[in-house]
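Everything on this sheet refers to the single structure shown next.
The values are calculated or read from the model by the stated rules, or taken from the named source; none is laboratory data. This is a predicted model, so every value here is computed, not measured. As a convention, Cβ positions derive from the backbone with ideal geometry for all residues, glycine included, and neighbour counts pool all protein chains shown.
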Amino acid sequence: MPVIRYPLSVIHWRLASWSGVTLLELLVVLIIIGLLATAAVRTWDVTLEKGRYEETIKELEEIARSIVGDERIRVMGERVDFGFVGDCGMLPRNLIDLSNRPEYVDTGLWRGPYIKATFAENPRSFLFDAWGDSYVYNSESLFIRSFAGQAQEYGRGLTKKIGNQPADFLNNTVSGYVEDAYGNRPTKGVSLYIIYPWQGRLRKDSAVFEPHRPGQFAFSPIPQGKVRLISVLRDTVTRESIDRYITVYPKVGKTDLVVRFNSIFP
């Protein structure tokens, strides 16, 4: 078989051409990989940031409900969850009070933890947003704020407003009237008490029936939640008591209550 011989200059030209094309192709491939990697990193950053926002928004909602209760939780159509405020008769001074009973609240009133940490190994994880920064809580202005990783840019974070004013949850009215089996209203002989949480302590108030408004009563301020109403009829012949729990709704209170005895007033 004949051997084909190329001049040395032709061999050098072919090698140089082959090497140049390969390097160019490699450079193009590297550029494409770089572009794809940059796009992937940006997409990952956007996805990660979106996840942090969604996680923080969800946690802000959970913290708010643990403070003032979840109106969606009902039994027989009646709301039963009023959170820290409903149990303690006040707003928490600090967010940590939702997981650990504070000294300013009696043991019998605090029924927490009102919120559970995301990770069991860190029971205080709910105090921090998805960026690892502490939430800012203000009980007077009723907001919980996350700066969303932008601590130096005030106002660009996430804010959860719990309510318009503390009075909506704490300054409610319970009112109504007392009557006997015939619909008569008393001016004396009947005692009426209301027992409710107030500023971390259990409080008891009594009604005074005015002669010009027989049987009518009104208690205020009363916090939202379940409160106990006790009515006692005492005379020389009859003794009867009515003990019931009533639900006080925020900004609405409980009005037009009727406490009706089976007995007849003297």
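Out of the range 81-101, which residues are in contact (Cβ under 8 Å) with a residue 24 or more places away in the chain and in a loop (DSSP other than H, G, I, E, B)?
Taking the range 81-101 and keeping what is in contact (Cβ under 8 Å) with a residue 24 or more places away in the chain, we get 82-96, 98-99.
Across the range 81-101, the qualifying residues are Phe82, Gly89, Met90, Leu91, Pro92, Arg93, Asn94, Ser99.
Looking only at the range 217-243, how many residues end up being of a type in the set (Lys, Arg) and closer than 30 Å to Ile162 by Cα?
Going residue by residue through the range 217-243, those that are of a type in the set (Lys, Arg) are 226, 228, 234, 239.
Cutting the leftovers down to closer than 30 Å to Ile162 by Cα gives us 226, 228.
Of the residues in the range 217-243, 2 are of a type in the set (Lys, Arg) and closer than 30 Å to Ile162 by Cα.
Given the conditions (1) within 13 Å of the chain's Cα centre (by Cα); (2) assigned to a loop (DSSP other than H, G, I, E, B); (3) surrounded by 18 or more Cβ atoms within 10 Å (Cβ to Cβ); (4) not polar (S, T, N, Q), report the number of the one that Arg72 does not fulfil.
Single failed check for Arg72: (3).
Return the residue satisfying two criteria in turn: it lies in the range 237-261 and is polar (S, T, N, Q) and either over 34 Å from the mean Cα position of the chain (by Cα) or assigned to a loop (DSSP other than H, G, I, E, B) (or both), and of such residues it is farthest from Glu78 (Cα to Cα).
Here the residue is Thr238.
Restricting to the range 224-252, name every residue that is among the hydroxyl-bearing types (Ser, Thr, Tyr), at pLDDT below 95 and surrounded by 14 or more Cβ atoms within 10 Å (Cβ to Cβ).
Across the range 224-252, the qualifying residues are Ser231, Thr238.
Looking at Phe265, Phe217 in this structure, which one is in the same structural domain as Ser191 (by TED's automatic domain parsing), of a type in the set (A, V, I, L, M, F, W, C) and surrounded by 14 or more Cβ atoms within 10 Å (Cβ to Cβ)?
After applying the criteria, what remains is Phe217.
Give all pairs with beta carbons closer than 7 Å in which a residue from the range 109-126 that is farther than 13 Å from Ile63 by Cβ and assigned by TED's automatic domain parsing to the domain that holds Leu98 meets a residue that is in a loop (DSSP other than H, G, I, E, B) and at pLDDT below 75; count only pairs at least 6 apart in sequence or on separate chains.
Within 7 Å, the pairs are Pro123/Ala117.
Considering only residues that are in contact with a helix residue (DSSP H, G or I) (Cβ under 9 Å, 6 or more places away or on another chain) and part of a strand (DSSP E or B), look in the range 212-236 and name the one that is farthest from Asp70 (Cα to Cα).
Here the answer is Pro221.
Test Pro221 against the stated conditions and say whether it is touching a Cys at 6+ places or on another chain (Cβ under 6 Å) and either more than 30 Å from Ile73 (Cβ to Cβ) or at pLDDT 95 or above (or both). Lay out the reasoning, then the answer.
On the way: touching a Cys at 6+ places or on another chain (Cβ under 6 Å): no; either more than 30 Å from Ile73 (Cβ to Cβ) or at pLDDT 95 or above (or both): yes.
So Pro221 does not fit the description; no.
Residues that are in contact (Cβ under 8 Å) with a residue 40 or more places away in the chain, touching a Gly at 6+ places or on another chain (Cβ under 9 Å) and of a type in the set (Lys, Arg): does the range 188-202 have at least one?
Pass one, the range 188-202, residues in contact (Cβ under 8 Å) with a residue 40 or more places away in the chain: 189-192, 196-202.
If we keep only those that are touching a Gly at 6+ places or on another chain (Cβ under 9 Å) as well, we get 190, 196-202.
Adding the requirement that they be of a type in the set (Lys, Arg) leaves 201.
Checked against the condition, which is being in contact (Cβ under 8 Å) with a residue 40 or more places away in the chain, touching a Gly at 6+ places or on another chain (Cβ under 9 Å) and of a type in the set (Lys, Arg), the range 188-202 yields at least one hit.
If the requirement is being acidic (Asp, Glu) and at pLDDT 95 or above, which of these qualifies: Asp129, Asp106?
Answer to the check: Asp106.
Exactly one condition in (1) in a loop (DSSP other than H, G, I, E, B); (2) within 30 Å of Ala130 (Cβ to Cβ); (3) in contact (Cβ under 8 Å) with a residue 60 or more places away in the chain is false for Gln150; which is it?
With (1) in a loop (DSSP other than H, G, I, E, B); (2) within 30 Å of Ala130 (Cβ to Cβ); (3) in contact (Cβ under 8 Å) with a residue 60 or more places away in the chain applied to Gln150, the lone miss is (3).
Which one of these does Arg203 not meet: (1) closer than 30 Å to Glu62 by Cβ; (2) at pLDDT below 95; (3) more than 23 Å from the chain's Cα centre (by Cα)?
(2)
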